[in-house]
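The values are calculated or read from the model by the stated rules, or taken from the named source; none is laboratory data. In this text the structure is predicted, and so the values were computed from the model without any measurement. Note: ideal-geometry Cβ built from the backbone for every residue, glycine included; neighbour counts use all protein chains shown. Areas reflect the complete protein model, heavy atoms only, side chains present, ligands, DNA and RNA absent. Shrake-Rupley method; radii C 1.70, N 1.55, O 1.52, S 1.80 Å.
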Amino acid sequence: MEKVAYFDYCALVICILILASVISRRMTHGRVNRYYLATVIITFLTIIFDIWAITLDNLSAHNETLKYIVHSGYLFFHSLTIPLYITYLVALTDTWHVIRNHLFNTIVLPLPLIIISVLIVINAFNHKTFYLNDNFVYTRGEWFPLVYVAGFMYAVYGISYICYYKKLFRKSRFWALMSVFGLVTLATVFQMFYPRYPVEMFATTVGLLFITMLIQRPEENVDIITGLHKLTGYTADIKKGFSNGKHVHIILINIANFNSIRDMLGFDTTNDLLRLIAGKLAELNKKNKLHADLYYLDKGRFRFVIDSYYANDIEATASVINKALKRGVNIKHMDVNLIAHICIARCPEDFDNYETLMYFGERFSVDNDYTGEIVYAKYIFKKEQYDLHSNLDGIIENAITNKKFHVYYQPIYSIKEQRFNSAEALLRLVDDKFGFISPDIFIPAAEKSGAIHKIGAYVLDEVCSFIASDGFGKLGIDYIEINLSVAQCMHKELPELVLETLKRYDVSPDKINLEITETAASYSQNIMAENIGKLNDAGIEFSLDDYGTGYSNIQRVSTLPLKIVKLDRTFVNAEDNPKMFIVLENTIKMLKDMEMEIVAEGIETEQLLNKFADMQCEYIQGYYFSKPIPRDDFIAFVLKHNRA
Ligand code: C2E
Ligand code: MG
Ligand code: MG
């Protein structure tokens with residue numbers, strides 16, 4: 001009875017196609033790819049030996065030795081495919097540390113393979129695993145079931161492994177991985193009953209085909225510009241690491257001046273630059289035998305992820321990287337300087353979850369000054385700050401519902417009138433858990449979440465109720481300044497809100513003054529201009545806050561209906577820089593010529609007070625007189641000082 005070899009021919013064709021696709025897509029680097037490639041190659045050899053063996057059997061050839069060799073070869077390669085496939089699974093789940101650390105695994109993994117190899121060797125002498133019958137045809141011997149037992153052990157081990165790490169895989173991937181075992185088991189059972197039809201190799205290659213289509217897809221995780229793994233790969237791998245308890249060291253590299261480099265070099269050249277840096281890093285990885293996985297996330301952020309097992313020399317490596325990057329990159333005959341922040345982090349020691357690590361990775365180069373030295377996450381990561389930032393939306397919502405926001409007032413002194421003639425309303429938030437939270441932190445968050453509109457309405461309400469209250473008239477305060485953030489300025493309902501609140505408290509529009517910033521002014525959107533126009537028509541005046549911090553656009557500033565310009569604190573503090581002083585003098589002169597009034601903000605000393613008074617600034621605001629204080633304290637303060 002001749003065996004049917006067609007299934008093997010089909011398997012051969014599929015296997016060759018898989019090999020071609022793996023090689024043409026250059027999926028030959030990295031542990032996962034290497035084990036996969038090895039599995040495919042061994043499958044290929046098994047098919048070749050199977051076809052050879054079947055052909056010899058069908059020819060009823062009498063060359064006994066050759067037949068023994070070919071059948072043994074088939075058996076050996078066939079038994080090798082499953083353990084190789086399991087090593088591929090281990091690489092895929094990134095769980096070498098689990099195998100390494102458990103004696104059970106280190107013994108169980110090679111054991112069945114050893115059994116089969118011994119059986120094959122012994123078979124040359126005792127012919128108990130298989131033999132050639134009287135017609136010189138391959139026949140299974142009495143020990144053959146042992147081969148099945150060994151294969152069965154691997155199948156159980158592999159299936160358990162996939163099930164154990166199930167949560168690491170999407171559904172389709174999970175089933176693709178399982179399909180290999182399912183198909184091979186089915187085929188083995190089939191072949192037991194119908195030995196004429198050897199379908200095992202066909203089933204195996206179909207399983208591998210599923211994997212090639214559903215799992216081995218480099219385009220999903222590889223950045224086309226740098227050739228490194230990309231953000232999606234990084235997040236997937238880091239999550240995987242946390243969930244399977246792997247210890248890793250990460251070298252985080254953030255190029256702080258990436259945006260300006262891109263502005264300067266343009267898109268294409270920046271990509272060339274990234275490619276160069278990636279090449280350099282890959283070279284260092286190889287040279288230092290780090291076995292690191294390299295990633296390019298985005299905006300000049302690179303990552304080295306190293307199994308802690310190999311991370312003995314991590315400091316040395318990081319400093320080699322640091323030196324290399326400090327040298328800069330020469331591209332298109334330009335020397336490009338890189339400001340590369342480099343930080344070493346350990347997981348799970350420094351970060352025990354994915355979110356914190358990602359937050360830190362984005363912030364550490366912004367929150368810490370560049371020193372040129374390597375920094376350590378364990379020293380610079382501030383957990384409370386992270387907790388605060390990640391809970392901010394909740395804190396703000398809670399503060400709104402539980403009335404935790406309070407409006408403070410900072411008196412503003414008029415030099416001409418020699419009294420406090422106005423004040424700035426400033427928000428304060430004291431949270432039960434985090435204590436005092438600066439508006440510089442919660443205002444931007446409230447802008448993002450949209451909570452700013454509720455907060456803004458609250459401030460407006462508070463201020464108007466203060467102005468409308470009995471004692472206010474006696475204070476001699478002409479108006480209160482209220483801050484408007486960009487999001488508020490762009491809000492369609494702003495004029496109605498302001499005018500309605502004034503009306504409700506019967507407050508005259510000249511009792512308040514709205515502060516906008518240059519950033520807000522630089523949005524040339526219609527709504528913004530419309531809002532300001534409407535409010536101005538209703539008799540409300542505007543101040544320009546924080547002047548001198550942004551890219552001051554005089555033309556735009558001159559078109560806005562501004563009465564007052566507030567010089568930013570940074571400007572004021574530049575006193576010991578003579579050139580800055582010239583800028584300051586001329587700025588003041590220019591603003592005066594434009595008939596604007598000037599508030600000097602952040603005045604903390606008498607010396608500064610005098611200096612700005614000499615420069616003809618009308619108003620002074622700062623700690624020299626008072627910090628922002630609660631309403632009652634403010635009343636007491638003004639009553640005391642204005643009377644004197
Ligand atoms: P800003 O409008 O420029 O407010 C002035 C800031 O300078 C206040 O900080 C004030 O406390 C501080 N300051 C005043 N004098 C001195 C001084 O002599 N030395 C120093 N070191 N600082 C001084 P604060 O209260 O932390 O507010 C920060 C920013 O938050 C404000 O800057 C403003 O942009 C925003 N903000 C505060 N309250 C509100 C609000 O109700 N609505 C909106 N949209 N933004 C607000
Ligand atoms: Mg202000
Ligand atoms: Mg200001």
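Structure values in brief
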read-out: Mean Cβ neighbour count within 10 Å, used as a protection proxy, ranking 196-208, 177-189 highest first; value: 196-208, 177-189
read-out: Cross-link partners of Lys286 among aspartates and glutamates (Cα-Cα below 20 Å; sequence separation of 8 or more within a chain); value: Asp94, Asp223, Asp307, Asp313, Glu315
read-out: Over the range 497-638, equivalent-ellipsoid semi-axes from the Cα gyration tensor in Å; value: 27, 22, 12
read-out: Rg/Rh for the range 287-327, where both radii come from Cα atoms and Rh is the Kirkwood radius; value: 0.98
read-out: Expected 222 nm ellipticity per residue - DSSP helices of 4 or more, -39500 (n - 2.57), all of the chain, to 500; value: -18500 deg cm²/dmol
read-out: Per residue, in Å², the accessible surface of the range 429-576 once ligands and nucleic acids are set aside, probe 1.4 Å; value: 48 Å²
read-out: Cα centroid separation - the range 620-644 against the range 305-379, whole Å; value: 48 Å
read-out: Contact order relative to length of the chain, as percent, for alpha carbon pairs under 8 angstrom and 6 or more apart; value: 8 percent
read-out: Coarse-grained scattering of the range 246-331 at q = 0.12, 0.19, 0.25 Å⁻¹, given as base-10 log I(q)/I(0) from a Debye sum over alpha-carbon atoms; value: -0.36, -0.84, -1.30
read-out: Gyration tensor (alpha-carbon) shape descriptor, the range 359-413, a/c threshold 1.5; value: oblate
read-out: Members of Lys230/Lys326; Lys403/Lys566; Lys448/Lys474; Lys240/Lys378; Lys503/Lys640; Lys230/Lys378 lying beyond 28 Å, as alpha-carbon distances in this model show; value: Lys403/Lys566; Lys448/Lys474; Lys503/Lys640
read-out: Percent of beta bridges antiparallel (DSSP, the chain, rounded to nearest 5); value: 65 percent
read-out: Cα gyration tensor category, rounded, prolate or oblate, for the range 416-556 with a/c compared to 1.5; value: rounded
read-out: Fully extended contour minus Cα-Cα distance, from Ser465 to Asp537, at 0.36 nm per residue; value: 23.6 nm
read-out: Burial order of peptide ranges 455-463, 101-109, 137-145 (average beta-carbon count within 10 Å, highest first); value: 455-463, 137-145, 101-109
read-out: Dimensionless Rg ratio for the range 172-271, taking C-alpha atoms and the 2.2 N^0.38 Å reference; value: 1.74
read-out: Cα-based reach from Lys3 at 25 Å (exclusive), listing lysines while leaving out same-chain residues under 8 positions away; value: Lys67, Lys128
read-out: At q = 0.13, 0.15 Å⁻¹, base-10 log of I(q)/I(0) for the range 1-156 (Debye sum, equal scatterers on each alpha carbon); value: -0.70, -0.89
read-out: The range 575-644 shape via C-alpha gyration tensor axes, a/c threshold 1.5; value: prolate
read-out: When the range 77-179 is reduced to its Cα atoms, the Kirkwood hydrodynamic radius in Å; value: 15.3 Å
read-out: Gyration tensor over alpha-carbon atoms, the chain, equivalent ellipsoid semi-axes in Å; value: 76, 25, 21
read-out: Unit charges on C-beta of K, R, D, E only; dipole of the chain, Debye; value: 2520 debye
read-out: Pair-distance profile P(r), taking every C-alpha pair of the range 241-390, with 10 angstrom steps and integer %; value: 10, 41, 35, 13, 1
